[in-house]
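What follows is a set of notes on a single structure, which appears directly below.
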Amino acid sequence: MDRADLVEAAQRIYDEEVRARKLSAPPQSASRPPYQPEEDVEAGAPSGDDAEPGWLEDAAEAFSRYVSRGTDPTPDTVDACDALQAARIPCHLEMCEEAAQDGEVQYRWRVLVPGKLVHRAISVLDRDIFNVEFEAQWRAHLEMLSDPELRVMEPQYAFCGLYDRIERINRAYDEELKRRRLE
């Protein structure tokens, strides 16, 4: 993980984790190169409007948006594709239809990525698109607090679920490395 790719709040969490583990450098720097998705998956779809990428059979949905039938891709689905392509994650945009609970047909644009890159893709979308909006909401919330309320507001308590998720992700990853004897 490149610290420079993280937003400021994530950099603080990253720094805390490096200190807690008593590391002097990023954990991967000495043992392995950073993950490069283009080594594992073709760069994208072949040219042509109807061409489908070879990985589509094993694709996973990274983002979707419900729309009316015949609607062009929504701006946020286009933005999602742009963000993924900028991060060198292949993606494919498709319209699908599905039956709703009331029997009506619903339509949605789906942004698909190779299945093995779905977690990375969702994280890129969070970082590059959704976290910007979240940060603005958080700032607005903080502005509404009185000085005494602000002084006791600590992100690690307000977002204990997020901090817990990060700990669980790291623990599961470390355990899988140990299980495979790749430490």
Scanning the stretch 125-163 for residues that are under 30 Å from Arg88 (Cβ atoms) and acidic (Asp, Glu), the one surrounded by the fewest Cβ atoms within 10 Å (Cβ to Cβ) turns out to be Glu133
Looking for something surrounded by 15 or more Cβ atoms within 10 Å (Cβ to Cβ), in a helix (DSSP H, G or I) and modelled with pLDDT of 75 or more - is there at least one such residue anywhere in the stretch 18-36?
yes
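Looking at the stretch 54-81, which of its residues are touching a His at 6+ places or on another chain (Cβ under 8 Å) and not in a helix (DSSP H, G or I)?
Ala59
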Per the filter on the stretch 60-96, residues touching a residue at least 12 places away in the same chain (Cβ under 8 Å) and either among the charged types (D, E, K, R) or outside the structural domain of Arg127 (by TED's automatic domain parsing) (or both) are Glu61, Arg65, Arg69, Asp76, Asp79, Arg88, Glu94
In the stretch 139-168, anything hydrophobic (A, V, I, L, M, F, W, C) and under 20 Å from Glu8 (Cα atoms) is listed as Ala140, Leu142, Leu150, Met153, Ala158, Phe159, Cys160, Leu162, Ile166
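Could you tell me whether Arg181 is assigned by TED's automatic domain parsing to the domain that holds Ala60 and either touching a helix residue (DSSP H, G or I) at 6+ places or on another chain (Cβ under 8 Å) or outside any helix (DSSP H, G or I) (or both)?
Working: assigned by TED's automatic domain parsing to the domain that holds Ala60: no; either touching a helix residue (DSSP H, G or I) at 6+ places or on another chain (Cβ under 8 Å) or outside any helix (DSSP H, G or I) (or both): yes.
In short, no.
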If we keep only residues of the stretch 70-93 that are more than 14 Å from the chain's Cα centre (by Cα) and acidic (Asp, Glu), then the residue modelled with the highest pLDDT is Asp76
Residue pairs within 9 Å by beta carbon, gap of at least six or interchain, first lying in the stretch 113-141 and assigned by TED's automatic domain parsing to the domain that holds Gly54, second among the basic types (Lys, Arg), listed first then second, are Val113/Arg120
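The values are calculated or read from the model by the stated rules, or taken from the named source; none is laboratory data. The shown structure was predicted, so the numbers you read here are calculated from the model rather than taken from an experiment. We place every Cβ from the backbone using ideal geometry, glycine too, and count neighbours over all the protein chains shown.
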